[in-house]
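Novice: The structure that follows is given in the form of structure tokens.
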Amino acid sequence: MHKSHIFLAIITLLSYTAFSQETLEDDRGKVKFGLKGGINYSNNYDSEGEEFVSESKVGFAGGIFLGIPIGKFLGIQPELLYSQKGYKETGQFLGSTYDLTRTTDYIDVPLLVSIKPVKFLTIQAGPQFSYLVKQKDVFTNPLATIEQENEFKNDNIRKNIFGFTGGLDININKLVIGARAGWDIQNNNGDGTSTNPRYKNAWTQATIGFRIL
């Protein structure tokens, strides 16, 4: 699903909910805890003038969230998410053309400030810490050698990445439908010596959650 379709669906649901909000419970001042799951639509953006073309890919996102109110209209929401990101890339490496599909599995820990102007809507934004758990590369090149593949596998990748994310949640009693976007502030290279093109992750995310509390 294209990211524009995701946000169109969220906006449509938001409009519907606005008209029926009199049936919703106003629990903005209560602690909330729940589970959520959905998809990431991820890609990367060029951070150092590298020349390569990439396409977006879809991955899983899910975990737990905790909403802590600071009064009725303000709160904080830490989350713990398992989040798949990555991209599909075409470019030049050691004088030959390659195709690379990269899937990166992260533990994401966003710490969001929540603004709750009405009972069915929460606007959120804040920093995010990500830890790289696993990376899978599918590298294809008719002229590829073991040395080329090893240089990708042994690439110096940053495992701890700081980023920013923000979006909105639509609250329908126990159901929470969310849409947000995020991007890394740090690039993927640890000390800048990597032979792989330097990049930063960027993604949109759509989730459906259920509140236990």
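Laboratory data are not the source of any read-out in this text; all were calculated from the coordinates shown. Given the structure is predicted, the values throughout are model-derived calculations rather than measurements. Cβ coordinates were reconstructed from backbone atoms using ideal geometry, including for glycine residues, and neighbour counts include every protein chain displayed.
Novice: I want the local charge near Gly75. Using Cβ-Cβ distances under 12 Å, sum +1 for each Lys or Arg and -1 for each Asp or Glu among the other residues.
Specialist: +3
Novice: Return the subset of Lys32/Lys174; Lys116/Lys174; Lys36/Lys174; Lys57/Lys174 for which the Cα-Cα distance in this structure is over 21 Å, preserving the input order.
Specialist: Violating the 21 Å limit, Cα to Cα: Lys57/Lys174.
Novice: What do you get for trypsin sites (Lys or Arg not before Pro) in region 34-119 restricted to DSSP loop and a cutoff of at most 15 other Cβ within 10 Å of the site's Cβ?
Specialist: Here the sparse-neighbourhood loop sites are Lys72.
Novice: Round to the nearest 0.05 the FRET efficiency obtained for Lys136 and Phe73 when R0 = 41 Å and r is the Cβ-Cβ distance.
Specialist: 0.45
Novice: Compute the signed sum of charges (Lys and Arg +1, Asp and Glu -1) over the other residues within less than 10 Å, Cβ to Cβ, of Tyr45.
Specialist: That sum, taken over residues with Cβ under 10 Å, equals -1.
Novice: When a/c reaches 1.5 or more, the comparison of a/b and b/c decides; with that in mind, is region 90-142 rounded, prolate or oblate per its Cα gyration tensor?
Specialist: Note, shape of region 90-142 comes out prolate.
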